[in-house]
Amino acid sequence: MGTLNSFRSFPMSVRLLLINQFGVDLGFYVLIPYLATHLDRDLGMSAAAIGLILGVRNLCSQCLFVLGGSATDRLGAHVVIPAGCLLRTVGFGLFACGGSLHLVLAASALTGLSAALFYPSVRAYLTVESQGRAAEAFGLLNIVSTAGALAGLALGSVLFLVDFRMCAMAATAMFAVLTIAQLFALPPQHVLTTRSGVLDELREAIGNRGFLAFAAALVGMATMETQMFLLMPQGARLATGWDAAGAFPPALGTIVSLALQLRITRYVRAHGDSGRWVAPGLALMGLGFLPPALVSGLHHPPDLPTIALRLLPVCAGVCVLYLGVMVAQPAVMELIPKFGREELTGTYFGLFYLFSGFASAAANLIVGWTMDLGRHTGRTWLPWACCTALGLLSAAGAAWLHHLRALPLEPGTALAA
């Protein structure tokens, strides 16, 4: 069964969520990658102000993921998802019409809050509505998310040549359509009643030592995924001496995901429980950073055949990295809600994104520091080695947890806190 047939085999609610995720990533990447340049070039803001604006967006999303997860458990994902889309519509609209620091800060905060609402809620809804096929549903989610990001980058690069406000207006229109579609087309989700308060539920989840250990072991996954749009494109540019080559790794990754994601997900499901495959996936992600390191320090190539030859290690690294993502990510998403009660599915997703967000932010600082250090010292292999080490450490942590039987093994199994 191909990707399209798999998509059609799911209930309408799942199909709507997958379309929604494609639109979310499309709209996000039409605008956000070009925001910093707009603030600097068009609005003349200082580096400190730009850092503040971007930091507010990250802070609002990471700190409030738990809010989105808890709201999902109590109100239902069918309420929280359109609320998140509406907030992002307003936030991107403010980017289109505002130039003052206060207005841009408000837009950035609303954009971050919207992510905190619909990311946990979409995952929780998929878990419930996938009818025992959560891994396959999350595999499809990975496909549409990657495709949406690539399409957004392509469209945004064209619109940005005209004017940043074109990017903002296009993204605003996309999220307005998504909001209306979710309000009127997304089936209501049954909310399981719970007698405990929000703080009690958070204490229950945070007290789950198995879940906390799992979240800590997965620090490397979010960090390495970020490098698909940072370190890998830079590697392609350095290897070829051609700025446009930076678009090649995301494009190749999208093609690989579209071709192989569902096949890999089904293979994984047919050969053991989800917990068994998290560590191999993370290890593959880490190993994907080794081939590009071989050409990272070479001088600019003199001719086209040399450029093509130097792209081969980068292509190999991208393929291995995306292969690891395709193995690990659906398994991770399937495992998260199994750590606790079904009533707290959204809370567990929210906490996982909270922990991984802060941890990956810290890890990305280290990766950025090694990039600068490597550039100044001539040791251009440093950031690649850093990402490989991070991936292998995360893989070792996940393998150890699986060895200790600290991961859920069967659908519906909840571990003791």
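In segment 356-408, of all residues being aromatic (Phe, Trp, Tyr) and over 21 Å from residue 333 (Cα atoms), the one that is surrounded by the most Cβ atoms within 10 Å (Cβ to Cβ) corresponds to 384.
Which of the residues spanning segment 128-166 are hydroxyl-bearing (Ser, Thr, Tyr) and over 29 Å from residue 35 (Cβ atoms)? Passing the criteria: only 130. Pairing residues of segment 252-273 that are closer than 27 Å to residue 405 by Cα and touching a residue at least 40 places away in the same chain (Cβ under 8 Å) with residues that are outside any helix (DSSP H, G or I) and among the charged types (D, E, K, R), at Cβ distances under 9 Å and at least 6 apart in sequence or on separate chains, gives 269/133; 273/410.
Starting from segment 196-207, take each residue that is farther than 14 Å from residue 69 by Cβ and list its partners that are part of a helix (DSSP H, G or I), counting only C-beta distances under 8 angstrom and pairs at least six apart or across chains. The qualifying pairs are 196/204. Could you list all residues from segment 241-267 that are more than 24 Å from residue 310 (Cβ to Cβ) and aromatic (Phe, Trp, Tyr)? Answer for segment 241-267, where residues must be more than 24 Å from residue 310 (Cβ to Cβ) and aromatic (Phe, Trp, Tyr): just 267.
In the set (1) under 24 Å from residue 209 (Cβ atoms); (2) in a helix (DSSP H, G or I); (3) touching a residue at least 24 places away in the same chain (Cβ under 8 Å), residue 407 fails one condition alone, (2).
Residue-by-condition table, conditions (1) open to solvent by 20 Å² or more (accessible area, probe 1.4 Å); (2) touching a Gly at 6+ places or on another chain (Cβ under 8 Å):
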site: 85; (1), (2): no, no
site: 92; (1), (2): no, yes
site: 102; (1), (2): yes, no
site: 132; (1), (2): yes, no
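Listed conditions (1) touching a residue at least 40 places away in the same chain (Cβ under 8 Å); (2) closer than 27 Å to residue 269 by Cβ are all met by residue 320, apart from (1). Looking at segment 1-99, the helices (runs of 4 or more DSSP H) lying wholly inside it that each contain 1 or more residues that are touching a helix residue (DSSP H, G or I) at 6+ places or on another chain (Cβ under 9 Å) and under 18 Å from residue 353 (Cβ atoms) sit at 12-31, 47-63, 65-75, 77-97. Sub-7 Å Cβ pairs linking a first residue in segment 291-315 that is within 13 Å of residue 238 (Cα to Cα) to a second residue that is of a type outside the set (Val, Ile, Thr) and modelled with pLDDT under 75, at least 6 apart or interchain, are 307/301; 310/298; 310/301, ordered by first then second residue.
The values are calculated or read from the model by the stated rules, or taken from the named source; none is laboratory data. Everything quoted here is computed from the prediction, not taken from an experiment. All Cβ positions, glycine included, derive from the backbone under ideal geometry; neighbour counts span all protein chains shown. Each accessible area value is taken on the protein alone, full model and side chains, heavy atoms only, with ligands, DNA and RNA left out. Shrake-Rupley method; radii C 1.70, N 1.55, O 1.52, S 1.80 Å.
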